[in-house]
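Worksheet for the structure shown next.
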Amino acid sequence: MLLSAVRVIERERLLSIRRAKITAVSHYLPERRVTNKDLEKIVDTSDEWIVERTGIRERHVAAKGQATSDLAAAATKRLLEQYRVDPAEIDLIIVATVTPDMFFPSTACLVQTKIGAKRAWGFDLSGACSGFVYALATATQFIASGVHKKVLVIGADVMTSIIDFKDRATCVLFGDGAGAVLVEPAEDGERGIIDFILRSDGGGGQFLYMPAGGSLNPASTETIEKKMHYVHQEGSQVFKYAVRRMADLAAHLVERNGLKSEDIAIVVPHQANLRIIKAMQERLGVPDSKVMVNIDSYGNTTAATIPLGLRDAIAQGRVKKGDLVLILTVGAGYTTGGILMRWAY
Ligand SMILES: CC(C)(COP(=O)(O)OP(=O)(O)OC[C@H]1O[C@@H](n2cnc3c(N)ncnc32)[C@H](O)[C@@H]1OP(=O)(O)O)[C@@H](O)C(=O)NCCC(=O)NCCS
């Protein structure tokens, strides 16, 4: 009892050093939309199966030659214009992605030059579907330490570049997109980002991965013939893990901050499967009005789902200054993460 009280105080002390807050959110989705009916023409599937098993109705797909840095830069340029931020003020760019334009240079470097953020440094972060949450937590550390004042956190993926459109079990699930947020120091007395939980469980790596293209299986005729450059997944294993972990994460974050589920204004979960979201919702006991769902329109955009969810929540007037917002994710790795924040604008 005493030990847990000490731990809570210690966490409070660490988190209260200097708080970070999100001050801007924007997004970009490629123009082309692919509906379930379109997919019926290329694989043995049906709109009914996809909607019932996943909640997805359509997804956006990048044009030929449109890379992750293009989507990321488009989302960021929109943010800079909309919120009147000078790109020269940006200190750091973190791009969460599993579909970088290439191994190197980093997508962050490509974005930096595309948006003209001359002073910024940047790096890519590989956390799969948890990438954005990992990146946002990382950004808060640069703010907390006082090293930086303006950090761009971008979640962007062109999942269709690593999907086998002959495999009905994976090709119906994913879409392309990008979301960007700006992280800045909170004012005195402002709460901003309150708490986070981040975990990795590498034992789950065998259930969702892309076998080739890295140092283990460099690209060769054989890897291409064996389709090793595509997403491989044991869907039901990932599903079971995600259902359990996302619900646990939500409950844990709410409880350890002395909150009740009714205190949360909106939950923005990773959008991998509507049934995973519903299981978390049931455990937390929150109504539909408090859960952001847009998987029907975008599918699973991997690192982009959370910023796209935040953006839609703002556009739909579902989040306002002072609201408690909970973001949650589970992804390949396995990786998991949740962040609790008080919305700052
Ligand atoms: C992929 C997923 C939707 C599959 O749903 P499921 O209910 O687990 O379905 P299963 O994999 O057990 O397959 C059931 C049947 O549907 C079939 N099926 C799979 N994809 C299909 C499709 N697109 N259309 C029609 N049938 C399909 C399977 O072949 C299987 O047929 P069988 O029983 O004759 O073998 C689900 O497992 C899932 O969402 N997993 C998590 C994926 C995820 O979140 N990944 C990203 C992590 S961030």
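What pairs come up if the first residue lies in the range 229-250 and is in contact (Cβ under 8 Å) with a residue 40 or more places away in the chain and aromatic (Phe, Trp, Tyr), the second is assigned to a strand (DSSP E or B) and near the ligand (Cβ under 9 Å from one of its atoms), and their beta carbons are under 9 Å apart, counting only those six or more places apart or on different chains?
Tyr241/Val330
Sort out which residues of the range 224-237 are more than 22 Å from Ser126 (Cα to Cα) and either within 16 Å of the ligand (Cβ to nearest atom) or surrounded by 15 or more Cβ atoms within 10 Å (Cβ to Cβ) (or both), and write them in order of number.
Passing the criteria: only Ser236.
Here are Ile266, Ile314: which of them is of a type in the set (A, V, I, L, M, F, W, C) and open to solvent by 30 Å² or more (accessible area, probe 1.4 Å)?
Step by step, each of Ile266, Ile314 is checked, and only Ile314 is of a type in the set (A, V, I, L, M, F, W, C) and open to solvent by 30 Å² or more (accessible area, probe 1.4 Å).
Could you identify the single residue in Asp124, Asp195, Asp101, Asp201 that is open to solvent by 10 Å² or more (accessible area, probe 1.4 Å), more than 30 Å from Lys64 (Cα to Cα) and either under 19 Å from the mean Cα position of the chain (by Cα) or of a type in the set (A, V, I, L, M, F, W, C) (or both)?
Criteria check complete, one pass: Asp201.
Quick grid of which residues meet (1) out of contact with any Pro (no Cβ under 9 Å at 6 or more places or on another chain); (2) within 16 Å of the ligand (Cβ to nearest atom); (3) touching a residue at least 60 places away in the same chain (Cβ under 8 Å):
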site	(1), (2), (3)
Leu29	yes, no, yes
Arg32	yes, no, no
Asn36	yes, yes, yes
Ser46	yes, yes, no
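With respect to Val325, determine if the residue is modelled with pLDDT of 95 or more, open to solvent by 10 Å² or more (accessible area, probe 1.4 Å) and among the aliphatic types (A, V, I, L, M).
Taking the combined requirement at face value, the residue does not satisfy it.
Name every residue in the range 142-160 that is within 18 Å of the chain's Cα centre (by Cα) and part of a helix (DSSP H, G or I), in order of residue number.
Of everything in the range 142-160, those that are within 18 Å of the chain's Cα centre (by Cα) and part of a helix (DSSP H, G or I) turn out to be Met159, Thr160.
Among the residues that make up the range 160-171, is at least one of them β-branched (Val, Ile, Thr) and surrounded by 24 or more Cβ atoms within 10 Å (Cβ to Cβ)?
No - not one qualifying residue is present in the range 160-171.
Can you say whether Arg283 is away from the ligand (no atom under 14 Å from the Cβ), modelled with pLDDT under 95 and either under 20 Å from Ala24 (Cβ atoms) or of a type outside the set (Phe, Trp, Tyr) (or both), as far as the supplied structure shows?
Considered against the rule, which asks whether it is away from the ligand (no atom under 14 Å from the Cβ), modelled with pLDDT under 95 and either under 20 Å from Ala24 (Cβ atoms) or of a type outside the set (Phe, Trp, Tyr) (or both), Arg283 comes out as yes.
Could you check how many residues of the range 297-320 are within 16 Å of the ligand (Cβ to nearest atom) and not in a helix (DSSP H, G or I)?
3
Considering only the range 289-296, I want to know if a residue exists there that is under 16 Å from the mean Cα position of the chain (by Cα), free of Cβ contacts under 8 Å to residues at least 24 places away in the same chain, assigned to a loop (DSSP other than H, G, I, E, B) and surrounded by fewer than 21 Cβ atoms within 10 Å (Cβ to Cβ).
Yes: the range 289-296 contains one or more residues that are under 16 Å from the mean Cα position of the chain (by Cα), free of Cβ contacts under 8 Å to residues at least 24 places away in the same chain, assigned to a loop (DSSP other than H, G, I, E, B) and surrounded by fewer than 21 Cβ atoms within 10 Å (Cβ to Cβ).
Are there any pairs with C-beta distances below 7 angstrom linking a residue in the range 97-118 that is on the phi > 0 side of the Ramachandran plot to a residue that is of a type outside the set (Phe, Trp, Tyr) and open to solvent by 10 Å² or more (accessible area, probe 1.4 Å), with the two at least 6 apart or on different chains, and if so which?
Within 7 Å, the pairs are Gly116/Pro87.
List the helices (runs of 4 or more DSSP H) inside the range 1-92, counting only whole elements, that have at least 3 residues being modelled with pLDDT of 95 or more.
Result: 36-40, 47-54, 68-82.
Which ones in the range 299-311 are open to solvent by less than 50 Å² (accessible area, probe 1.4 Å) and within 24 Å of Leu198 (Cβ to Cβ)?
The answer is Asn300, Thr301, Thr302, Ala303, Ala304, Thr305, Ile306, Pro307, Leu308, Gly309, Leu310.
Quick check, is Gly177 within 16 Å of the ligand (Cβ to nearest atom), touching a Pro at 6+ places or on another chain (Cβ under 9 Å) and closer than 30 Å to Asp47 by Cα?
Judged against the criteria, Gly177 is a match.
The conditions are (1) within 16 Å of the ligand (Cβ to nearest atom); (2) open to solvent by 30 Å² or more (accessible area, probe 1.4 Å), and Leu110 fails exactly one of them. Which is it?
Here Leu110 clears every test but (1).
The values are calculated or read from the model by the stated rules, or taken from the named source; none is laboratory data. Computed from a predicted structure; not experimentally measured. Heads up, the Cβs are rebuilt from the backbone with ideal geometry, glycines too, and the neighbour counts pull from every protein chain shown. These accessible areas exclude ligands, DNA and RNA; they are computed on the full protein's heavy atoms, side chains included. Shrake-Rupley method; radii C 1.70, N 1.55, O 1.52, S 1.80 Å.
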